[in-house]
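The values are calculated or read from the model by the stated rules, or taken from the named source; none is laboratory data. On a predicted model such as this, the values are computed, not experimentally measured, just so you know. Note: ideal-geometry Cβ built from the backbone for every residue, glycine included; neighbour counts use all protein chains shown.
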Amino acid sequence: MLVSGLGLMAWQWSAVSGAYTHPSAPAADVQLTGIDLAVETTPVGPSPYVVVPAPDTRAQPLDLAYEPPAAPQAKPAITGGRATLSGTVTLPTGPAAGATIRLERHTADGVAMADVTAGPDGTWKAGAIQGGRYRVRAWLKGQATMTGSSVFFLGGDEGRPLDFALDPVDTTPRMTFSKKGDIYQGGTGTVAVSVKVRSVDDDGVAVTNGLAGAIITLTPTGSATLGAGTAPPVPGASATATADGDGVARFVLTCNTLGATTAVISHQDQRATVDLPACIPVPPPATTVPDPAATPPADPAAIGASSSPTPTSVPAGARSGSGGTRG
C-alpha cells in the first residue's frame, strides 16, 4: 500500500495494533500491515586474538641505538709554517726549465703533498712551509728524472738549500721484430714489428710504452713477397703498416721459393735487417696401413672378388699446394 503526501519519518509503530500510524493522517485509520520485523541473531565465535595489557613505560627512559660520529681527523698540511726550501734543477745541458719538484711531508696523520715548478733558469722555492719529515724529488716530464729522493728532517724555522741534477732518459724509439714458426711453400704467415719509446710520466716515473701510429716499412731481400691477395705480389717490393695502440705493426708474407730470406725494417731514420720465417716444403701425405689383427673377417658376398682394402689417410692442411704456417 502506498501513502503519498505524508512524511516518512512521522509514521509510528504500534505494538498493540501491530501497524504503523501517522499523526496527521485522516480520520480513517491507515495501517501498514504485512511487514515482518522479526530479527534473527547470528552467533559470533570467539576472537582468535588475545588482548594483553602493555606495561606502563611512561616513566622509563629511552635508550636510543645511536653512536655519535667520530671526530674528523686533522688533515696534514705543508703550508702555514716558517720554514723554507729552495734550490736549482739542472740537466746535463743546462737549467731544467719547467721541472716539477714534489714535496712530501710525512706526519702521524698522513702525508701532505705539494708540487713546485722551476722557473726558466731552473730555480725554485717553497716558502712559509711547516717543519717535519720530508721527502723531495724532481723531474722534467717526458725527458728526465731522478733514481732516488732526498729525505731529511726540516726544522720549523729552517731555510734549507736543495739542488737537483736530473738524468735524461733515452727517448729514441726502438724497433723489435718478432716471428712465429716457418711457412710452407705456397702458404702465408704473419710477422710483427713493435716500436717502443721511453718517457717520464706525470709522477716522474720512467716508463716504456708502445709508440702508437708509428709508420713501419718492411722490404724483403729474397723471394718472399708481401700480401695475400689474388694477384701475385712482386718479389722485393716493400710495404708499410701503421702501428696500433700498443705500437705493433703487422705484415703478411707469402712463401714462394724454398729457403731462408731476410728483410729490412725501418722507422724514421732507423734501419735493421731481420731474418724472415724460412720457406719450407709441404710434407708428403701420410699413409696408414691397417692392422690385420684388428680387421674383421671379410664377407666374400659383400666385397666380391677383392678382399684386400688399402685405405690411406691424408692429414688436413698437409695436402700438396695447401700452404700454411708451421708453428
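Couple of notes before you dig in:
- Of all residues in region 186-210, those being crowded, with 18+ Cβ neighbours inside 10 Å and free of Cβ contacts under 8 Å to residues at least 24 places away in the same chain number 0.
- The set of residues from region 78-127 being on the phi > 0 side of the Ramachandran plot and out of contact with any strand residue (DSSP E or B) (no Cβ under 9 Å at 6 or more places or on another chain) comprises Gly94, Gly110.
- Positions within region 116-125 being assigned to a strand (DSSP E or B) and free of Cβ contacts under 8 Å to residues at least 24 places away in the same chain, in sequence order: Val116, Thr117
- When Leu226 is tested against the conditions (1) at pLDDT 85 or above; (2) farther than 30 Å from Trp139 by Cα, the lone failure is (1).
- Criterion (modelled with pLDDT of 90 or more and surrounded by fewer than 16 Cβ atoms within 10 Å (Cβ to Cβ)) met by exactly one of Asp291, Asp244, Asp269: Asp244
Condition check ((1) among the β-branched types (Val, Ile, Thr); (2) under 30 Å from Asn209 (Cβ atoms); (3) touching a residue at least 24 places away in the same chain (Cβ under 8 Å)) across all residues:
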{"position": "Arg105", "(1), (2), (3)": "no, no, yes"}
{"position": "Ala108", "(1), (2), (3)": "no, no, no"}
{"position": "Gly127", "(1), (2), (3)": "no, no, yes"}
{"position": "Gln130", "(1), (2), (3)": "no, no, yes"}
{"position": "Arg135", "(1), (2), (3)": "no, yes, yes"}
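- Candidates Ser47, Ser24, filtered to the one that is at pLDDT below 65 and either more than 39 Å from the chain's Cα centre (by Cα) or loosely packed, with under 10 Cβ neighbours inside 10 Å (or both): Ser24
- Each residue in region 247-264 was checked for being modelled with pLDDT of 90 or more and outside any strand (DSSP E or B), and 1 pass.
- Tally, over region 167-185, of residues that are under 13 Å from Val274 (Cα atoms) and surrounded by 14 or more Cβ atoms within 10 Å (Cβ to Cβ): 4
- Residue count, region 106-148 (criterion: among the polar types (S, T, N, Q) and under 33 Å from the mean Cα position of the chain (by Cα)): 3
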